[in-house]
1. Tell me, which residue of the stretch 27-37 that is in contact (Cβ under 8 Å) with a residue 40 or more places away in the chain and buried (at least 17 other Cβ atoms within 10 Å of the Cβ) is nearest to Arg99 (Cα to Cα)?
2. Take the residues in the stretch 65-123 that are under 13 Å from the mean Cα position of the chain (by Cα), without any contact (Cβ under 8 Å) to a residue 24 or more places away in the chain and assigned to a strand (DSSP E or B); name whichever of them is nearest to Ser20 (Cα to Cα).
3. Of the residues Ile84, Ile59, which is touching a Pro at 6+ places or on another chain (Cβ under 6 Å) and among the aliphatic types (A, V, I, L, M)?
4. When the residues of the stretch 38-57 are narrowed to those that are of a type in the set (D, E, K, R) and surrounded by fewer than 24 Cβ atoms within 10 Å (Cβ to Cβ), which ends up nearest to Arg106 (Cα to Cα)?
Amino acid sequence: MTASAHALELLKVAAAAADSKAGEDLVALDVSNPLPLADIFLIVTGRSERNVVAIAGEIEDKLIEAGSKPLRREGRADGRWVLIDFGDLVVHVFHEEERMYYALERLWRDCPVIPLQLPTRETQD
């Protein structure tokens with residue numbers, strides 16, 4: 001089993017939203033085989049609690065605009081690990097320390113990585 005086309009579309013919107021708020025080290029994992037309740041995990045790092053909350057908020061806003069409502073969200077108050085469940089897509093926005101500690105990529109290492117095509121950020125001279 002592989003991630004659905006719908007999940008891949010959600011991923012594209014979420015990844016662009018995370019990138020627009022300076023999300024770092026974006027990794028998408030196809031968890032559709034071992035996990036029947038979701039197709040994709042998107043894992044993102046924020047540099048501070050405020051950045052984690054901003055990234056999570058932007059992802060949620062953009063996915064709502066795209067017609068997908070979150071089923072559940074957790075962790076926004078602390079800003080250390082925000083989880084937003086959109087059904088086919090589950091987004092994990094971590095503070096860098098929590099990401100290293102929980103190491104979801106290691107836990108789900110048997111799942112294929114989905115390549116991400118992010119818009120290039122324009123640099124200012």
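Read-outs throughout are calculated quantities, based only on the coordinates presented, and are distinct from any laboratory measurement. The shown structure was predicted, so the numbers you read here are calculated from the model rather than taken from an experiment. Glycine also receives a Cβ, built like all others from the backbone with ideal geometry; neighbour counts cover every protein chain displayed.
1. Val27
2. The selected residue is Leu83.
3. Numbers: Ile59 fails: touching a Pro at 6+ places or on another chain (Cβ under 6 Å).
So the residue among Ile84, Ile59 that is touching a Pro at 6+ places or on another chain (Cβ under 6 Å) and among the aliphatic types (A, V, I, L, M) is Ile84.
4. Filtering the stretch 38-57 down to residues of a type in the set (D, E, K, R) leaves 39, 47, 49-50.
Still in the list and also surrounded by fewer than 24 Cβ atoms within 10 Å (Cβ to Cβ): 47, 49-50.
Details: Arg47: 21, Glu49: 23, Arg50: 26 Å.
Among those residues, the one meeting the criterion is Arg47.
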